[in-house]
Structures are given as C-alpha cells and as structure tokens.
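The values are calculated or read from the model by the stated rules, or taken from the named source; none is laboratory data. Remember, predicted model here, so these are calculated numbers, not experimental data. Neighbour counts are summed over all protein chains in view; Cβ atoms, including those assigned to glycine, are modelled from backbone coordinates with ideal geometry.
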Amino acid sequence: MAEKFAVSPQEKQSADWNADDQDLLAATLSATPAQRLAWLEEILHLAYASGALKPRRFISKEEWEAMGSSNL
C-alpha cells in the first residue's frame, strides 16, 4: 500500500500565492502604458481618499529656487 502524504494548508496556500503572483506578473508585463497610467491614477485617488497622501500646495518659483540654493 502506497503512503499518502497530506499537503498542509500552509503548503497549499504557498502554492496558491505563487500562482497568483505569476498571474499578477503576467498581467503587469502585458499592460499597455494607458492601463498603467489608469492604475496609477486609481491608486493615487485611493491614497488621497484614505489620507495616506496629503494634497500638496503649489510653490512659487522663488520658493523653488530658494530650496535649490540651500542644498549647495
């Protein structure tokens, strides 16, 4: 009688995650630039809505130049 080895739930989950990772990689690599920009816009909207990113204010040319000269 052949021995049957039981697959632990952790090993099964690992195999499932590997398949999911491969699917995600394939979808990412086959995405068009327009799709990638759409994903980025969606993530930015989500980040702003959740508070993970704070809206930035525009700075004046003088402020920009002052920041550049202080880094020298």
Residue set 11, 41; condition at pLDDT 90 or above and of a type outside the set (Gly, Ala, Ser); output residue 41
Of those in the range 44-62 that are surrounded by 10 or more Cβ atoms within 10 Å (Cβ to Cβ) and not aliphatic (A, V, I, L, M), the residue modelled with the lowest pLDDT is 48
Counting only residues that are polar (S, T, N, Q) and either over 28 Å from the mean Cα position of the chain (by Cα) or not in a helix (DSSP H, G or I) (or both), the range 28-72 contains a total of 6
Among residues of the range 24-38 being polar (S, T, N, Q) and surrounded by 10 or more Cβ atoms within 10 Å (Cβ to Cβ), the residue modelled with the lowest pLDDT is 28
